[in-house]
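S.K.: Before I ask anything, here is the structure I am working with.
The values are calculated or read from the model by the stated rules, or taken from the named source; none is laboratory data. Everything numeric in this text was worked out from a predicted model, so none of it was measured. Every residue, glycine as well, gets a Cβ built from its backbone with ideal geometry; the counts of neighbours run over all protein chains shown. The protein model used for the area step is the full one, side chains on, heavy atoms only, and it has no ligands, DNA or RNA in it. Shrake-Rupley method; radii C 1.70, N 1.55, O 1.52, S 1.80 Å.
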Amino acid sequence: MIADPQPALPWLPPPAGDVEALPAGRWWDAVRAAPTVGERVLKILGDETGAVIQDKHGPLYWLVKVGSAKSWHVRQVRVLTQGLNESNYLGVPPVSRTEGPGTHWRVPLDRSHYLTAAPKLWRALAEANRAELGPVPQGRQTCYRCELPTNEPVIVDVQHGGSGAGRTVYACPRHARTYRPDVVAEAAARRRALDRGRTR
């Protein structure tokens, strides 16, 4: 007896020889994560991840059911979908391209790895975000470097005050990785705090 063939996937990338820009919101939405967050998400999800695209610059993209991630707000995460007045496109490599350099399938697309369950992906992203970027600050904050307000502030330092309360230093996601604390100023502030404690 001949076994029934396995059903075909609902969607496959076009048989192009190179990366092709395809519209999000038609077959799937795409959830983009920064490289450090994305790598941790891969570890958290393990075999429960669906197919994942990694572009040539490092970010990772999970494919999810259309409309299942529209309301998400997570630092260094962007949802590509079809908007009322805008279209978002994702560079999709051929199914056979499973290694870099360049845009490739980090987790190959097949019947066991297709769309990722949105609730599981959201929980993994939130956990990875806290682990990589620290606690989520409340409200908008100003980046120490570009001095612009950001809706995705990252706490990069908590400075101690020599004569009172210290201050928290925030950065936008772009500049969070480049922050270097002023160790001399920090040591001087700690010394002043110790001296004040001795003279009381």
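S.K.: Would the stretch 74-126 count as rounded, prolate or oblate if I go by the C-alpha gyration tensor, calling it rounded below 1.5 in a/c and otherwise prolate when a/b exceeds b/c, oblate otherwise?
M.R.: Note, shape of the stretch 74-126 comes out oblate.
S.K.: At a 1.4 Å probe radius, carbon and sulfur cover how many percent of the accessible area of the stretch 1-126?
M.R.: Carbon-and-sulfur percentage of accessible area, whole number: 52.
S.K.: Additional query: Determine ³J(HN,Hα), in whole Hz, for all residues of the stretch 100-106 in sequence, where each value follows from phi through the Karplus function 6.51 cos²θ - 1.76 cosθ + 1.60 and θ = phi - 60°; x replaces Gly and Pro.
M.R.: 3J(HN,Hα) across the stretch 100-106, in whole Hz: x, x, x, 5, 8, 7, 5.
S.K.: Please list the non-local residues whose amide H lies under 5 Å from the amide H of Arg106, H modeled 1.01 Å from N, same-chain partners needing a gap of 5 or more.
M.R.: Placed amide hydrogens put Val52, Ile53, Gln54 under 5 Å from Arg106.
S.K.: Using the Cα gyration tensor of the stretch 1-119, with a ≥ b ≥ c the square roots of its eigenvalues, what is the shape: rounded (a/c below 1.5), prolate (a/b larger than b/c) or oblate (neither)?
M.R.: Rounded, because the longest to shortest axis ratio a/c is under 1.5.
S.K.: If you roll a 1.4 Å probe over the heavy atoms of the protein chains, what accessible area per residue do you get for the stretch 27-106, in Å²?
M.R.: 50 Å²
S.K.: Find out how many positive minus negative residues lie around Arg174, taking Lys and Arg as positive, Asp and Glu as negative, among other residues whose Cβ is under 10 Å from that of Arg174.
M.R.: +1
S.K.: When only C-alpha pairs under 8 Å and at least 6 residues apart count, what is the relative contact order of the stretch 1-147, in percent?
M.R.: 32 percent
S.K.: Something else now. Tell me, what is the 1.4 Å probe accessible area of Glu152, in Å² to the nearest 10?
M.R.: Per-residue accessible area (Glu152): approximately 60 Å².
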